[in-house]
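What follows draws every value from the coordinates through simple rules; no lab data is involved. On a predicted model such as this, the values are computed, not experimentally measured, just so you know. Backbone-built Cβ (ideal geometry, glycine too); neighbour counts: all protein chains shown.
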Amino acid sequence: MNPYKPMLAKIEKITVETPDTKTFKVVFTDPEDAANFDYKPGQFQQVSVFGVGECTFCLTSSPTMKGYIEFSAKKVGVVTSALHEAEEGDIIGIRAPLGNHFPTDEWKGKNLLFAGGGIGMAPMRSVLNYCLAHKEDYGKITVIYGSRTPADLSYKYEYDEWRKGADVYLTVDAGDDSWTGRVGHVPGYLKELAPSSENTVAVTCGPPIMIKFVLQELKALGFEDENIYTTLEMKMKCGIGKCGRCNIGSKFVCVDGPVFNYKEIADLPQEF
Amino acid sequence: MKLLPKSGVAGFIKELSKTREVVAPVSDGESYAVFKSVAPGETPIIDGSRFILSPRSWFMPGYEVLFETKDGEIVDKTPETKAYATIGLYLADAHALEVFDRVFLDGDKPDPYYNARRADNAIFALVPAKKRWSVFWGMTGNVCDWKKACDVVMYDLGSEFVMEPMTDRGAELTKSLADADDSKKAAADALLARYDEGEVDVKAIGERLMWDNPKWEEVSRKCVACGVCTYGCPSCSCFDMRDDLKCGGAERYRCLDSCQHADFTLMGSGYNPRPGRMPRTRQRLLHKFKYQPEQFGMIGCVGCGRCVELCPVGIDIRKIVGGKETK
Amino acid sequence: MTDKLREEAKRVLREGIAEMVIGWAEGSAEFKTTPFFAFTEEDCDRLVWNTACVNNLAKYLTDYPKEKKIALCVKPCDSASVNVLIAENKVLRENIYVIGLACGGVIDPIKAADAGTCELSDATAKYACLHCVHDKPEVADIVLGEAERKLTPAGEDMPPFEERRKYWEKEFDKCVRCYACRQVCPNCYCEQCFADRTDPKWTSRKPTAGESWMFHAVRVMHMAGRCVGCGECERVCPKSIPVEKLSREMAKYVKDIYDYTAGMGEKPLLGTYKDEDYDAGVHEE
Amino acid sequence: MSEYNPKILAVLCNWCSYAGADLAGSSRMHYPTNVRILRVPCSGRVDPMFVLKAFKSGFDGVIVLGCHPGDCHYAKGNYYTRRRIPLLKNLLANLGVPEERFHFEWVSASEGARFAELVTEFTAALKELPPMGKMI
């Protein structure tokens, strides 16, 4: 088995999430690959656009959604630009699943709090949908999600579905004429809502500055470091701990991560 | 132990090449010797007369195509596993292959490209007669232990090599040679003892090379981020994977890369976790002396001294690790 | 000589002419020196000047803001590099105090290590020094010492035209694209090198002869009229590719047709023009 | 075996030479179909990298045309080019690329005939040489 060889996959559907983000729904072309494929929420994949390069994305679909996988890409570099130019039916390469996952088994019986910002919702969507599908295993689920503008909110088409099993709170940094919801930052909303830290696990993903203040609020609410989870991001090439660039201290984000809790992160050099 | 007179080297290699593809340092231009497959009639340079570049260039070539796409299919380009014999790499380089093995072969996803060159490769490691000024094997490990990484250890005694087989394969390949007497064995041991100078204290080194040591700034000030240290290193294994378009499809290749380059960790968003020369210098040293011992209990540096010799600005890893520049 | 240099460095710091002195200090072996940054008079006692002072220290000028007052020890070739940086407005002349050192050539540390001596001779000299004719820095606030050129000048080293393509193909095939030649060059200061750009992709990272041809050819073009011939690129190449050969030929040609020498002009060669320039666009009927 | 048809890249300044090529076309002048035209705003835009990349990618010849000195739409773009081009020629010679493969000349908007003549001559000259061959 060659770990560098991608599986071929066809882009089934492209959903425009925000002006610069698209979600790609892909299906493996080889039925054998599709049958053998299994993953856990929080794992990531390497997506190849042949001739352009490879890029790291988290699997934003949940393992409970069978038969296809999804990932969201914001247009920033050459590979993501090429992906944004792709059309439905195009063939791409996928190496997945890679990395560790959210410890959803350990969380059983606990309340869950998700605090996300912008494209940071992508890794959290996977675990959120997974937990919602196994609602009976978990306590109360709370989602706080914010973005710069209403247009930058991703996965709008799923909010109604989420609301069936979770409390969903949305906020934007700057509203527009059509926006009737809350205006303000995620940390401020978190402080206002003040969810209980008792028997609760918090998951936070988003821009570093948001994470910094969300952490402060979570600490103030009494969350312990080991109950706060996030996914880290580093440049990756091989995705299997060999190419040597995604290390933080002696941990490779691609093998030991991308999911870390803050107790683990506190032991690492402050390099990310 | 066996004896191989230097005049017999060409014949020995000819014999060896009947069953295995022989890889050895050969002349490359005017000043260096590089590891290549030895062509018939070509004489390897193993007498210490030239600066031998690291065997990494053979085990991890400058670039190799991983796969191609053709007609919508992926064509795997994993090379065939062949029988090789690598001759004339330093004992330290043989130890560096053990570091490579940890990186490439351990875990549940071994690297097939590296494995194809490593799986059946008889290692003839060299202990040169003349210890170069830059060599510091003894500071990074127990040199006698490194012999286990080889099939045959060759001690250069001037006019002849004492060949010490370490494995059955090594014994098989050297059985045609004459036996060495006790005086030669003693000379060989004395030669190796000269390389086993210095002390290894991983813990002390780890403490000296603290992540937030203010001295890092000073160490890295003169660094020009050229990355020659990493390209010359036998145990540096970092690589890059890129795509190129070619007629009728695309190919993905991997090429050497260096943690000293600014774009090594530069992300698409423009954010770089190691933006300056200081974090990059620190990364290289900590990777070898702290992270790799934590990951698999082995110092990543083997003390071959090539970075000391090649560094254009004279940064001496021995002084940094020995605490003379970071005290 | 070293004593004079130390005295001068101390004076510069004492009188506040500069905040730091960039010079050379003793390295790990007698044929190795290492760049050294002196901030105090005490530090200055570590400065040395000998034939092993091979580094072109002008490289470090662009690491610091223009406003910083820096004293720099230079050999004749390094002083030309400083002048290129001044002409290109990367450093301000008034903020740089240049301590010039008369130089009769320096050694190549690897050649010297192999020869076992750091005596300067044709065999141990850095290759670029065999092409150099200068013994005194052009741009300097003070010049220390006297020097005499004893090296035998190297002759024409470009292979005949018919062999060149083969020759360069063989040389560039060795290149591993470590970019050490670029990194060590005092006048390669672009924030993003064309070779690192992913879009447009001028050259692939793949170290094949063709791609490396592209990299080196463009680098020579970018260095046209700017390369001072210090030979650092050639010295640091871990594959001993004669990287500088093309730039050296270019410098000769620039001298021929524009009477311009890199590091001697007040304006960059390609940033100016003259009405009477050699006109390559006019073809005789 | 089919006849060898050299591939030629022609880098033309928008204001003079491209108009010249246009004139050649609209006046129905005949010239070889070997040229691929790259239009640039000014011959001053011709980065030597364009030419080197063309040779690297397997073009057999490159021809760069611009406004006559003094005629530049941007006043002095072509003066800078005039300085650069001989250096590039010298570099190519040192790399072993024959000088017949690279041509630089001034062609104004009214010189359609000159353009056709130039391309014809250049193509004929290249046919005398072996193919450049792609550098791998």
Shielding by other protein chains, B:266-272, mean Cβ within 10 Å
6
Counting only residues 5 or more apart in sequence or on a different chain, those whose built amide H sits under 5 Å from that of A:Phe102 are A:Gly42, A:Gln43
Across peptide C:171-178, what mean number of C-beta atoms from other chains lies inside 10 Å of a residue's C-beta?
5
Percent of Cα-Cα pairs per 10 Å bin, from 0 to the last occupied bin, for the protein assembly as shown, please list those.
2, 10, 17, 20, 20, 17, 11, 4, 1, 0
Theoretical ellipticity at 222 nm over chain C - DSSP helices of four or more residues, -39500 (n - 2.57) apiece, nearest 500
-9000 deg cm²/dmol
What number comes out for the charge environment of D:Leu92, summing +1 per Lys or Arg and -1 per Asp or Glu over other residues with Cβ under 12 Å away?
+2
One finds the C-alpha centres of the stretch B:147-218 and the stretch A:49-73 to be spaced, in Å, by 48
With n ≥ 4 as the cut-off for DSSP H runs, can you work out [θ] at 222 nm for chain D, using -39500 (n - 2.57) per run divided by the number of residues, rounded to the nearest 500?
-12500 deg cm²/dmol
Within 10 Å of each Cβ in peptide B:188-201, how many partner chain Cβ atoms are there on average? Round it to a whole number, please.
0
Please go through the residue pairs B:Lys130/C:Lys206; A:Lys237/B:Lys203; A:Lys13/A:Lys235; C:Lys32/C:Lys206 and name each one whose alpha carbons sit more than 29 Å apart in this structure.
B:Lys130/C:Lys206; A:Lys237/B:Lys203; C:Lys32/C:Lys206
With just the Cα atoms defining each centre, how far is the stretch C:211-269 from the stretch C:129-146? Give it in Å.
19
Rounded to whole Hz and in sequence order, give me ³J(HN,Hα) for the stretch C:186-198 from the Karplus expression 6.51 cos²θ - 1.76 cosθ + 1.60, θ = phi - 60°, writing x for Gly and Pro.
x, 9, 8, 10, 3, 5, 10, 6, 4, 6, 8, 6, 9
Just add up the charged neighbours of B:Cys233: K/R +1, D/E -1, any other residue whose Cβ is under 11 Å from the Cβ of B:Cys233.
+3
For chain A, the longest principal axis of the Cα atoms and the Cα long axis of helix A:121-133 enclose an angle in degrees, to the nearest 10, of 80
Mind listing the lone cysteines of chain B, meaning no other Cys beta-carbon sits under 4.7 Å from theirs?
B:Cys144, B:Cys150, B:Cys223, B:Cys226, B:Cys238, B:Cys247, B:Cys255, B:Cys259, B:Cys301, B:Cys304, B:Cys311
Rounded to the nearest 10, the angle in degrees between the Cα long axis of helix C:76-87 and the longest principal axis of the Cα atoms of chain C comes to 70
Could you list which residues have their amide H under 5 Å from that of B:Asn121, counting only those 5 or more apart in sequence or on another chain, with H placed in the peptide plane?
B:Tyr84
Take the alpha carbon gyration tensor of the stretch D:52-136, find the square roots of its eigenvalues, order them as a ≥ b ≥ c, and report rounded if a/c is under 1.5; if not, report prolate when a/b exceeds b/c, else oblate.
oblate
Sort out for me the Cα centre separation of the stretch C:26-75 from the stretch D:31-76, rounded to whole Å.
45
Between B:Val75 and residues 5 or more places away or on another chain, which pairs have amide H atoms under 5 Å apart, with H built 1.01 Å from N, and which residues are they?
B:Glu68, B:Thr69, B:Lys70
Can you tell me how the stretch A:111-231 classifies by the Cα gyration tensor, rounded, prolate or oblate, using a/c under 1.5 as the rounded cut?
oblate
Quick one: grab Rg to one decimal and Dmax as a whole number for the stretch C:2-144, Cα atoms only, in Å.
14.8, 44
Shape call for chain B, from the Cα gyration tensor axes a ≥ b ≥ c (a/c under 1.5 means rounded, otherwise prolate when a/b beats b/c, else oblate), comes out oblate
Among the listed pairs C:Lys245/C:Lys267; A:Lys10/B:Lys246; B:Lys6/B:Lys184; D:Lys53/D:Lys134, which have their C-alpha atoms separated by more than 19 angstrom in this model?
C:Lys245/C:Lys267; A:Lys10/B:Lys246
Once the Cα atoms of chain C are picked out, what are the Rg and Dmax in Å?
19.6, 71
Using helices alone, what [θ] at 222 nm do you get for chain B, with -39,500 (n - 2.57) per DSSP H run of 4 or more residues, divided over all residues and rounded to the nearest 500?
-8000 deg cm²/dmol
Between C:Met264 and B:Asp106, how high is the FRET efficiency from 1/(1 + (r/R0)^6) when r is the Cβ-Cβ distance and R₀ = 56 Å? Nearest 0.05.
0.45
How long are the three semi-axes of the equivalent ellipsoid for the stretch C:161-275, computed from the Cα gyration tensor as the root of 5 times each eigenvalue, in whole Å, largest first?
24, 17, 14
Relative pair counts by distance (%), Cα atoms of the stretch B:165-316, 5 Å bins:
2, 7, 12, 14, 16, 12, 10, 9, 8, 6, 4, 1, 0, 0
Estimated vicinal HN-Hα couplings, Hz - the stretch A:139-153 in sequence order (Karplus 6.51, -1.76, 1.60; Gly, Pro = x):
x, 6, 10, 10, 10, 10, 9, x, 8, 5, 9, x, 5, 8, 6
Using only the alpha-carbon atoms, how far is helix A:208-220 inclined from the longest principal axis of chain A? Give it as 0 to 90 degrees, nearest 10.
40
Residue by residue through the stretch D:4-13, the couplings from Karplus 6.51 cos²θ - 1.76 cosθ + 1.60 with θ = phi - 60°, in Hz, x for Gly and Pro, are 6, 10, x, 8, 10, 9, 10, 9, 10, 6
The local net charge around D:Ser108, scoring Lys/Arg +1 and Asp/Glu -1 for residues other than D:Ser108 whose Cβ lies under 10 Å from its Cβ, equals -1
